[in-house]
1. Please list the three semi-axes, largest first and in whole Å, of the ellipsoid equivalent to region 248-324, using sqrt of 5 times the eigenvalues of its alpha carbon gyration tensor.
2. At 7 Å along Cα-to-Cβ for each site, give me the label-to-label distance between residue 285 and residue 162 in nm.
3. For the Cα atoms of the chain, what angle does the longest principal axis make with the long axis of helix 73-86, in degrees from 0 to 90, nearest 10?
4. At 1.002 mPa s and 20 °C, plugging the Kirkwood radius over alpha-carbon pairs of region 154-219 into Stokes-Einstein gives what diffusion coefficient in µm²/s?
5. Taking the chain as the reference, fit the longest principal axis to its C-alpha atoms, fit the long axis of helix 96-105 to the helix C-alpha atoms, and give the angle between the two in degrees, 0 to 90, nearest 10.
6. For residue 52 and residue 127, calculate 0.36 nm times their separation in residues minus their Cα-Cα distance, and state this gained length in nm to one decimal.
7. Can you report the principal axis dimensions of region 170-326 using only the alpha carbons, biggest first, rounded to whole angstrom?
8. In terms of the ratio Rg/(2.2 N^0.38 Å) built on C-alpha atoms, what value belongs to the chain?
């Protein structure tokens, strides 16, 4: 071999790996949160940590393109369109409303968190065991735990006769969850008052709480979704101002001033979602990946709120609490 050819071959050998790395496409996970940027970013922390635990270095092995709408549904749909046009590899959805919007627009694989824990949902999946489409993920047992929340508030307020159920009235899933919660209230011998939010504004929350006060209600169960999550601080503040005990589903509500919260550990669901994203990036199909149920639940109690409302939390509840806010 001539010296010039030999040196040329060395140059090719040295450059080729770098060229191959440069040409290798880094997979992209898209996320559109419908709550506030603070809440959406917080929900992604356990997902990012779990991806790192699986060996992914963000920016080198995966790109997480996360966007937030601040509760603006129209903007959310626009952001989903942008990620679809970008042809991301997987879309991570924070709930059923976002998931429905996604599957109507694309067949890009979706891993969704906080799905309804029903045997089938025609718009989302054929069955929990075999979703059959482009979506899989994790259910949250939202409204299914309403009976336990009602049992707890009745233990705190034995004289409770009327309870409000506050939900996003613009989405069929959350209307259904609100209806089931109202059914559970009636079964427990408590009269429910339906409270529907049609926009994320403090005035809308105050109006609904005033309706509840007028009906003799002193407690409200909040159905968590992007709208109520975006309004959690205002909901808890207005609850304290109107002397209405707010009951949430996730611990961030108790930290924001709710009397207590009880529900699936959403952070744990996002951690588990990382494993599903990993499998999809490695070639598995969502259609064959069962929708899993929650395995961890959280009870958070806010004693400061209890004192402001003049309520005493029984020891039987305190001993079960995962978090007590002083």
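1. Details: eigenvalues 259, 24, 13 Å².
Three semi-axes, in Å: 36, 11, 8.
2. The two pseudo-label positions are separated by 5.4 nm.
3. 20 degrees
4. Details: Rh = 12.3 Å.
Reported coefficient: 175 µm²/s.
5. Roughly 40 degrees, rounded to the nearest 10.
6. Numbers: separation 75, 0.36 × 75 = 27.00 nm, distance 3.06 nm.
Between residue 52 and residue 127, full extension yields 23.9 nm more.
7. The Cα atoms of region 170-326 stretch 56, 36, 31 Å along the principal axes, largest first.
8. On the way: Rg = 23.3 Å, N = 326, 2.2 N^0.38 = 19.8 Å.
Taking N as the residue count of the chain, the ratio is 1.17.
Bear in mind that the values in this text are calculations on the coordinates, not laboratory data. Everything numeric here is computed off the predicted structure, so don't read it as measured data. Using ideal geometry, Cβ is built from the backbone for each residue, glycine included, and neighbour counts are taken over all protein chains shown.
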